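Visitor: Please see the structure below; I have some questions.
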Amino acid sequence: MIAAPPPALIDIGANLTHESFAHDLPEILRRAHHAGVAEMIVTGTSVAATRGALDLHRADPHRLFATAGLHPHHASELTGEVLAQLRELAADPGVVAIGECGLDYYRNFSPREAQIAAFRALLELAVDLRKPVFLHQRDAHGDFMAILKEFRPALVDGVAHCFTGQPNELEDCLGLDLAIGITGWICDERRGRHLLPLMKSIPAARLMVETDAPYLLPRTLTPKPRTRRNEPAYLVEVARTVAQSRGEPLEQLAASSTAAARSFFRLP
Ligand SMILES: [Zn+2]
């Protein structure tokens, strides 16, 4: 008997330029493919990471796509020169979204004023280039929503990547017609349980899944991987958990999240 092929998934957030993938990326991509992860959006968190993401796209143009951004952790690095470089990279057709960008008041690796300035600059870039935004927010919901409210009418689209918030925050995001990205955070019995009952309230057309690899290894994987490095092949575990909490078969969630991602990032 031949096993049914795994449902095709799209990992909308994979940090494949991270140094932990440098020695075995071809093997990582092979495992992703085997697990049914057909396409991956490689997250750009800096000029260097964006450049790396675009290089990956050029090497594998049908499966890997890039975002161009500056993570709020790096916001204080934003200069006119950096912005000009990002603008040039972002115009490439292989760049399917601007980001990640946003606010992170949990770590505050960059001062808040710098984060706000960089966030605004990248939103302006997304408006200019008519590309969707890949948004990061942690412990900054108020400021984040206030800025997005101002920009939303001019933005083509946006996704709240790695959504981990409370019900009211989800309501605010959906109220601004943002798409929602769910990571392996939802598989974490210590801090992700509150997300399970929220899954049903996200419209299927706005719900996408991501690993945020190499971060956020799903804690429900069995057997437990030998290392804590997450990888796109484990996206299936996230999708399974999301499907279960919506009371849907995995195939249904896979089909809807893949369609949502295809339309959001305007993939060929
Ligand atoms: Zn992030």
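Visitor: Those residues that are surrounded by fewer than 20 Cβ atoms within 10 Å (Cβ to Cβ) and in contact (Cβ under 8 Å) with a residue 12 or more places away in the chain, I need them from the stretch 215-225; list them, please. Working first, answer last.
Guide: Within the stretch 215-225, the first condition is being surrounded by fewer than 20 Cβ atoms within 10 Å (Cβ to Cβ), and the residues that meet it are 215, 219-225.
Once the filter is applied, which keeps residues that are surrounded by fewer than 20 Cβ atoms within 10 Å (Cβ to Cβ) and in contact (Cβ under 8 Å) with a residue 12 or more places away in the chain, the stretch 215-225 yields Y215, R219, T220, L221.
Visitor: Among the listed residues A114, A118, identify the single one that is closer than 28 Å to L64 by Cβ, surrounded by 15 or more Cβ atoms within 10 Å (Cβ to Cβ) and touching a Pro at 6+ places or on another chain (Cβ under 9 Å).
Guide: On the way: A114 fails: closer than 28 Å to L64 by Cβ.
Criteria check complete, one pass: A118.
Visitor: Just give me the residues in the stretch 136-158 being more than 14 Å from Y105 (Cβ to Cβ) and surrounded by 13 or more Cβ atoms within 10 Å (Cβ to Cβ), in sequence order. Break it down stepwise before answering.
Guide: Of the stretch 136-158, the ones more than 14 Å from Y105 (Cβ to Cβ) are 148-158.
L148, F151, R152, L155, V156, D157, G158 - these are the residues of the stretch 136-158 that are more than 14 Å from Y105 (Cβ to Cβ) and surrounded by 13 or more Cβ atoms within 10 Å (Cβ to Cβ).
Visitor: Here are some conditions: (1) part of a loop (DSSP other than H, G, I, E, B); (2) within 24 Å of P26 (Cβ to Cβ). T164 meets all but one. Which one does it not meet?
Guide: Condition not satisfied by T164: (2).
Visitor: Kindly list the number of the only condition in (1) out of contact with any helix residue (DSSP H, G or I) (no Cβ under 7 Å at 6 or more places or on another chain); (2) modelled with pLDDT under 95 that fails for E39.
Guide: (2)
Visitor: Can I ask one more? Give the residue, chosen from R246, R229, that is touching a strand residue (DSSP E or B) at 6+ places or on another chain (Cβ under 9 Å), modelled with pLDDT of 95 or more, within 24 Å of L64 (Cβ to Cβ) and open to solvent by 20 Å² or more (accessible area, probe 1.4 Å). Spell out the reasoning first.
Guide: Working: R246 fails: within 24 Å of L64 (Cβ to Cβ).
The unique qualifying residue is R229.
Visitor: May I pose another question? Being closer than 16 Å to I182 by Cα and assigned to a loop (DSSP other than H, G, I, E, B) is the filter here; which residues of the stretch 222-242 pass it? Quick ask: steps written out before the conclusion?
Guide: Taking the stretch 222-242 and keeping what is closer than 16 Å to I182 by Cα, we get 230-242.
Passing the criteria: N230, E231.
Visitor: Please pick out the residue among E100, E81, E88 that is within 16 Å of the ligand (Cβ to nearest atom) and within 20 Å of A49 (Cβ to Cβ).
Guide: Numbers: E81 fails: within 16 Å of the ligand (Cβ to nearest atom); E88 fails: within 16 Å of the ligand (Cβ to nearest atom).
From the options E100, E81, E88, the qualifying one is E100.
The values are calculated or read from the model by the stated rules, or taken from the named source; none is laboratory data. On a predicted model such as this, the values are computed, not experimentally measured, just so you know. Glycine also receives a Cβ, built like all others from the backbone with ideal geometry; neighbour counts cover every protein chain displayed. All accessible areas refer to the heavy atoms of the entire protein, side chains included, with ligands and DNA or RNA removed. Shrake-Rupley method; radii C 1.70, N 1.55, O 1.52, S 1.80 Å.
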